[in-house]
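Below is one structure; the comments refer to it alone.
The values are calculated or read from the model by the stated rules, or taken from the named source; none is laboratory data. Only a predicted model underlies this, so the values are computations on that prediction, with no experimental measurement involved. Here the Cβ positions follow ideal geometry from the backbone for every residue, glycine too, while neighbour counts run over all protein chains shown. Ligands, DNA and RNA are excluded from the accessible area calculation, which covers all protein heavy atoms including side chains. Shrake-Rupley method; radii C 1.70, N 1.55, O 1.52, S 1.80 Å.
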Amino acid sequence: MADVTGGDLYKLWTVANVHLPNVAAVYTSGSSEMGGNQGDIRGAFETGGEGPHGQTIYGGPCEAFYSLHSEFQHVLAQTGQNLLDTASAVNKAIENFSEEDTAAGNDLDSILEGDPYDGTQLHDPNDPSQNPPAEPPGEPDFPDDYDSPGDEEAEDPTQTEQDIEDIIDDMPEPPEEEEPEEDGEG
């Protein structure tokens with residue numbers, strides 16, 4: 001197995017703190033923009049009439065389009081959240097590894113300060129493209145009162161194996177077979 005170096009940790013740091021937040025910002029921004037115009041969506045389908053109790057009447061495709069709009073907003077928000085969670089997990093891995101291998105952790109700290117690593121400057125603390133975004137990505141904006149069918153909890157793939165093991169453990173022991181008695185004749 002190859003040794004993990006400060007340079008390797010720096011590559012992970014760049015992914016977790018520069019690339020993933022920049023990409024997440026696109027998705028969280030998109031989900032917020034879609035969330036900000038939910039009221040406008042229904043307005044596009046108004047028929048101009050009123051129902052018997054004074055409520056606005058909407059055209060036939062309104063609910064289907066509104067559901068589609070909500071699903072797209074949900075996809076954008078969930079993707080943004082997944083990217084933010086991934087960045088957090090990678091940072092946790094870097095932190096844990098740096099605690100276990102202090103030399104690599106110290107190398108990472110030195111690289112982030114702009115010091116050369118193996119004769120090469122990997123990081124420029126003054127270059128915005130090499131550093132975390134000036135403004136962190138916003139929070140994803142999930143649609144109100146919407147549950148995506150894709151959000152259902154997945155079945156545990158090990159549950160069937162566990163159920164079988166539980167059944168086996170609960171089974172009574174089979175009775176011991178009695179050995180036939182020998183007649184003393186012979």
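Of all helices (runs of 4 or more DSSP H) completely enclosed by the range 6-67, which ones contain at least 3 residues that are over 30 Å from Thr102 (Cα atoms), open to solvent by less than 60 Å² (accessible area, probe 1.4 Å) and modelled with pLDDT under 75? If you could, list the steps in order and put the result at the bottom.
Details: elements: 6-14, 20-36, 38-43.
Of the helices (runs of 4 or more DSSP H) lying wholly inside the range 6-67, those with at least 3 residues that are over 30 Å from Thr102 (Cα atoms), open to solvent by less than 60 Å² (accessible area, probe 1.4 Å) and modelled with pLDDT under 75 span 38-43.
For the range 150-172, a residue qualifies if it is among the hydrophobic types (A, V, I, L, M, F, W, C) and assigned to a helix (DSSP H, G or I), and the qualifying residues are Ile164, Ile167, Ile168. Take the residues in the range 103-144 that are surrounded by fewer than 11 Cβ atoms within 10 Å (Cβ to Cβ) and hydroxyl-bearing (Ser, Thr, Tyr), then tell me which one is nearest to Val23 (Cα to Cα). Of everything passing the filter in the range 103-144, Ser129 is nearest to Val23 (Cα to Cα). Remark: pairs (first residue in the range 80-93, without any contact (Cβ under 8 Å) to a residue 60 or more places away in the chain and under 13 Å from Pro140 (Cβ atoms); second residue part of a helix (DSSP H, G or I) and open to solvent by 70 Å² or more (accessible area, probe 1.4 Å); Cβ separation under 9 Å; 6+ apart in sequence or on different chains) = Gln81/Tyr27; Asn82/Tyr27.
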